[in-house]
1. Per-residue HN-Hα couplings for the range 295-301, Karplus 6.51 cos²θ - 1.76 cosθ + 1.60 at θ = phi - 60°, whole Hz, x for Gly and Pro?
2. Amide H to amide H, which residues 5 or more places from Ile130 or on other chains are under 5 Å from it, using H placed in the peptide plane?
3. Just to check I understand the Karplus step: with θ = phi - 60° and J = 6.51 cos²θ - 1.76 cosθ + 1.60, what whole-Hz values come out for the range 26-34, glycine and proline as x?
4. So if we plug the beta-carbon distance of Lys155 and Arg280 into 1/(1 + (r/R0)^6) with R0 = 35 Å, what FRET efficiency do we get, rounded to 0.05?
5. Using 24 Å as the Cα-Cα cut-off, could you pick out the over-long pairs in Lys98/Lys134; Lys10/Lys98; Lys114/Lys317; Lys57/Lys98?
Amino acid sequence: MNSLAHKTPKVGLALSGGAVRGIAHIGVLRALEEESIPIDVIAGTSAGAFVGACYAKERNVALLEETVLGVDWKKLVRLFDLNLISLGKGFIHGQNIKSVLLSCIGDVEFEDLKIPFAVVATDAQSMEEIVINKGSVVEAVRASISMPVIFTPVKWGDRFLIDGGVVNPLPVNVVRNMGAEVVIAVNVLAIAQPKKREKLVEKRVETKLAPSLVSTHVSVVNKRIDNLLRKHRDKIRIFDELCCVAEKIYTGRGKIDRRTPNIFDVLTQVIHAMEYERMRLAIKAADIVISPDISDIGTFEFHKGEEAIARGYRAVKGVLPQLQGMIRCSYDASKELAQNYRRAM
């Protein structure tokens with residue numbers, strides 16, 4: 001006999017790109033976990049793809065937080081494998097980044113994940129949105145974080161893929177297509193705005209973060225980074241020497257001001273500014289929007305990771321009544337539908 005049982009609505013999470021600001025996604029996940037709000041499906045773009053993949057694999061936000069805060073990101077930046085031969089394709093080839101992604105996420109397929117997950121990338125030639133939910137998770141995430149010009153496009157079958165944020169910075173539509181009845185969108189794609197310093201000091205970390213950053217998983221990731229640094233030490237030394245020479249040439253009297261933003265910061269901000277209009281359209285399609293106040297955190301300010309997590313956590317607390325009400329309404333609607341169905345039997 002057919003029956004229609006009422007159930008809690010399927011909740012989906014759409015995680016935006018935003019470079020280092022994407023670390024705020026972890027605070028959002030922690031707050032949702034504390035409030036026992038289940039996440040049934042996840043889709044992520046760029047930084048959101050990385051955080052989403054790590055969480056979807058283990059459904060363990062504490063491990064994710066330890067990993068991100070425990071990794072020595074300054075060392076990782078030195079592994080950006082600049083290759084002058086392929087400079088016309090992108091500043092960074094990305095093989096070393098792939099190696100680190102493997103340490104963080106693991107060599108897993110989408111079907112191995114504990115939570116259904118999808119990654120958004122962009123076809124570099126057709127500018128078509130590519131939703132990846134099969135195959136290697138690491139390769140998909142690597143494609144989604146490959147910001148144009150900065151990273152070399154990633155080959156995927158007969159396509160070449162770049163950052164998904166170019167066409168879909170906040171994949172609300174993808175989560176909806178995965179069957180989510182309530183879509184929570186997390187927007188960390190903030191354009192820097194002037195801030196009052198005194199308020200920033202007042203709002204410093206209010207929540208307790210991971211007490212220990214010495215887990216085996218973190219040690220494995222940092223060991224992988226150290227091994228890669230040793231392997232490429234000659235290339236890194238040459239690049240450092242070139243940078244020192246260039247700095248002396250261009251920061252002398254009458255030359256470029258030392259405070260001039262570097263090319264990576266400028267490119268990232270330009271790309272994020274172009275994505276902003278698409279972001280606004282995606283926000284309108286979501287049921288709940290969480291927007292942590294992280295606009296003052298720079299594109300590559302990894303040392304502000306704890307602050308980004310804390311702000312993501314606080315942002316959830318600000319919309320919690322609305323979120324719980326939305327889930328409750330969906331549950332009640334499902335319950336009423338089930339009751340009406342039974343009466344009609």
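1. Result, rounded to whole Hz: 5, 8, 8, x, 4, 10, 8.
2. Ala121, Thr122, Asp123
3. Along the range 26-34, the couplings run 5, x, 5, 4, 5, 5, 5, 5, 4 Hz.
4. Working: r = 32 Å, r/R0 = 0.92.
Once rounded, the FRET efficiency stands at 0.65.
5. Working: Lys98/Lys134 18 Å; Lys10/Lys98 32 Å; Lys114/Lys317 26 Å; Lys57/Lys98 17 Å.
In this structure, Lys10/Lys98; Lys114/Lys317 lie more than 24 Å apart at Cα.
Read-outs: derived from the displayed coordinates by stated rules, not from any lab. Since the structure is predicted, the reported quantities are computational estimates derived from the model, not experimental observations. We place every Cβ from the backbone using ideal geometry, glycine too, and count neighbours over all the protein chains shown.
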